[in-house]
Amino acid sequence: MAARPAYDAVIVGGGHNGLVCACYLAGAGLKVRLLERRDVVGGAAVTEEFHPGFRNSVASYTVSLLQPKIIRDLNLHEHGLRVLERPMSNFLPLDDGRYFKFMGERTATQAEIARFSNRDADRLPALEDMLDGIAEVLRGLVLETPPNAGGGLIDMIRGLKVGNRLRHLSEAQRRDLLDLFTKSAGDILDSWFESEPIKAAFGFDAVVGSFQSPYAPGSAYVMLHHAFGEVNGKKGKWGHAVGGMGAITQAMAREAERRGVEISLSSSVREVAVDGKAATGVVLEDGSQIDARVIVANLHPKLLYQRLIDPDALDADFRHRIDGYKSRSGTFRMNVALSELPDFSCLPGTQAAEHHMSGIVIAPSLKYMDKAFQDAWNDGWSSQPIVEILIPSTMDDSLAPEGAHVASLFCQHFNPDLPDGRSWDDVRDHVADLIIDTVDRYAPNFKRSVVGRMALSPVDLERKFGLVGGDIFHGTLTLDQLYSARPVLGHGNYRGPLKHLYMCGSGTHPGGGVSGAPGHNAAREILRDLRPGSARRMA
């Protein structure tokens with residue numbers, strides 16, 4: 001008689017979804033071990049000191065998509081999590097010396113838009129209501145398991161439930177839903193508005209983390225994806241976790257340990273052990289093997305199936321589809337230590353003001369964004385990049401010395417694969433200088449205020465955080481890689497092609513962002529297979 005495995009579940013990868021999954025499994029009484037390659041849990045949601053005295057969320061940098069149910073279920077507030085809402089959504093300095101503020105309240109935003117177009121100010125409520133209405137319908141699917149293509153009775157029932165949900169949409173909403181999944185954000189925004197600033201404010205969300213033009217078909221869905229979130233019960237808002245994004249994952253880790261999860265740091269997995277067509281355990285880099293009833297991968301799908309599993313254990317069709325799984329982002333990420341706040345030419349002052357506490361977006365038009373993509377596609381990076389600046393130290397003085405600040409620079413577009421055989425290691429600093437010069441054109445004190453920086457190219461994001469192609473979403477958010485087709489058709493229900501192998505990362509439904517939803521949903525499916533009563537209690 002074979003010995004019982006040492007663990008019920010081994011989770012590979014200690015990012016936020018792995019921690020969420022571990023908490024739910026341990027809470028149901030399973031013996032769980034979580035293995036993390038780095039010396040800290042959190043994956044891309046971590047807070048690190050990048051310059052002496054300066055700490056920041058060095059990769060993921062803002063809060064909105066984190067599910068309220070997960071916050072409650074995992075007692076994250078009890079473990080110290082505190083999220084502050086931005087007082088203003090976005091601030092866009094413009095090329096003509098003016099600026100545009102996207103306020104936190106609709107009437108105030110309309111007043112800002114009216115400085116450019118009364119017609120656009122009047123049309124704003126209808127567009128926002130359309131986006132909010134569709135987002136509300138799709139928000140209901142976030143914590144549900146997609147029906148698996150070719151599945152059995154359970155999947156048929158899930159499909160009927162989804163169909164019933166969509167049946168309640170009006171005819172106009174059905175058209176809007178189709179448009180948002182198939183059209184470009186640029187085409188939709190051009191049909192709604194005439195002034196560039198308001199189109200740019202919405203269009204920025206369509207290119208965030210995606211290597212595409214705002215005029216690429218399907219980019220409208222990326223814009224919609226960013227409308228799913230909320231902060232402290234307020235829908236569509238964005239916020240800051242006090243202490244940085246690491247405050248979220250450290251709170252999760254404390255809850256995991258309270259529930260008995262064994263967390264092992266600096267524990268890199270070399271391969272998933274397979275016997276026949278079933279996963280039986282994992283082999284660490286030191287050669288030791290850990291057996292478990294189930295293996296749960298909180299990894300990018302390409303890392304899991306191309307690097308950790310013997311190709312002979314997978315059928316040729318599945319390998320072909322994983323090889324074709326699209327994963328690339330135009331992101332270059334910087335963390336900057338500042339001696340003072342940016343002094344914008346269009347809105348002078350270095351004392352903290354509401355625009356310093358917003359998302360500062362340097363991308364004054366859709367045309368600017370389109371050119372940034374075309375430059376990167378042809379030349380490797382954009383000569384005038386898109387830059388979003390967040391300065392969390394204006395809301396959280398624990399991140400920087402008194403009087404100083406930290407800034408997150410989230411930048412597009414930068415081709416993960418440089419032309420002519422060039423290496424990101426050779427051009428990283430040159431590109432970082434270009435980004436700082438770009439900000440300096442709008443805030444002339446910025447360059448001289450920089451006292452330290454961390455620059456992460458798309459290749460660095462892959463090396464440090466396992467983001468293949470620098471893709472912050474663990475795979476592009478296109479129609480062929482969403483819902484039941486994420487990561488591939490036939491495996492949209494968190495179960496891999498090998499028995500006892502599950503997936504809980506952002507490469508599964510509902511996709512990227514610090515939501516915790518993939519970890520939650522995967523845990524429910526694992527419990528459905530191992531302990532059905534516990535799965536029902538998760539609903």
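Using a probe radius of 1.4 angstrom, the carbon and sulfur fraction of the accessible surface of the chain is 50%. Putting +1 on Lys and Arg Cβ atoms and -1 on Asp and Glu Cβ atoms, find which of Ala292, Phe446, Val58 reaches farthest to the positive end of the dipole of the chain. Selected residue: Ala292. Its Kirkwood hydrodynamic radius, worked out from the mean inverse distance over all distinct Cα pairs, puts segment 197-324 at 18.9 Å. Heavy-atom accessible area with a 1.4 Å probe sorts Met245, Met395, largest first, into Met395, Met245. Highest mean packing first, where packing is the average number of other Cβ atoms within 10 Å per residue, the peptides 501-510, 318-327 line up as 501-510, 318-327.
Annotation: the antiparallel percentage among DSSP beta bridges lying fully within the chain is about 70. Is the C-alpha gyration tensor of segment 491-539 telling us rounded, prolate or oblate? Criteria: a/c under 1.5 is rounded; beyond that, a/b larger than b/c is prolate, otherwise oblate. The shape class here is oblate. Segment 1-31 and segment 385-403 have Cα centres separated by 36 Å. The calculated FRET efficiency for the pair Ser117 and Glu340, based on their C-beta separation and a Förster distance of 25 Å, comes to about 0.10. Fully extending the segment from Glu49 to Ala278 would add 78.3 nm, taking 0.36 nm per residue of separation and subtracting the current Cα-Cα distance. Helix 366-379 and the longest principal axis of the Cα set of the chain meet at an angle near 60°. Put simply, the C-alpha atoms of the chain give a gyration tensor, and the ellipsoid matching it has half-axes of 37, 26, 22 Å, longest first. The distance linking segment 497-539 with segment 212-253 is 21 Å (Cα centroid to Cα centroid, whole angstrom).
Accessible surface computed residue by residue for segment 12-61, with neighbouring protein chains in place and a 1.4 Å probe, gives 27 Å² per residue. From the largest down, segment 391-539 spans 60, 45, 24 angstrom on the principal axes of its Cα atoms.
Centre-to-centre separation between the Cα atoms of segment 53-116 and those of segment 316-364: 13 Å. Only protein heavy atoms count here; on that basis, with a 1.4 Å probe, Met454 has an accessible area of about 40 Å².
Rounded to the nearest 20 debye, the dipole magnitude of segment 15-154 is 360 debye, with +1 charges on Lys and Arg beta carbons, -1 on Asp and Glu beta carbons, and the Cα centre as origin.
Across segment 379-519, Cα pairs under 8 Å and at least six residues apart give a relative contact order of 15 percent. Taking all protein chains together and a 1.4 Å probe, the residues Glu196, Glu171, Glu36 rank Glu171, Glu196, Glu36 from largest to smallest accessible area. The convex hull defined by the C-alpha atoms of segment 464-522 has an orientation-averaged projected area of 4.2 nm².
The values are calculated or read from the model by the stated rules, or taken from the named source; none is laboratory data. Since this is a predicted model, take the numbers as computed values, not measurements. Because the Cβ atoms are built from the backbone with ideal geometry, glycine has one as well, and the counts that use them run over all protein chains shown. Surface areas here come from the heavy atoms of the whole protein model, side chains and all, with no ligands, DNA or RNA. Shrake-Rupley method; radii C 1.70, N 1.55, O 1.52, S 1.80 Å.
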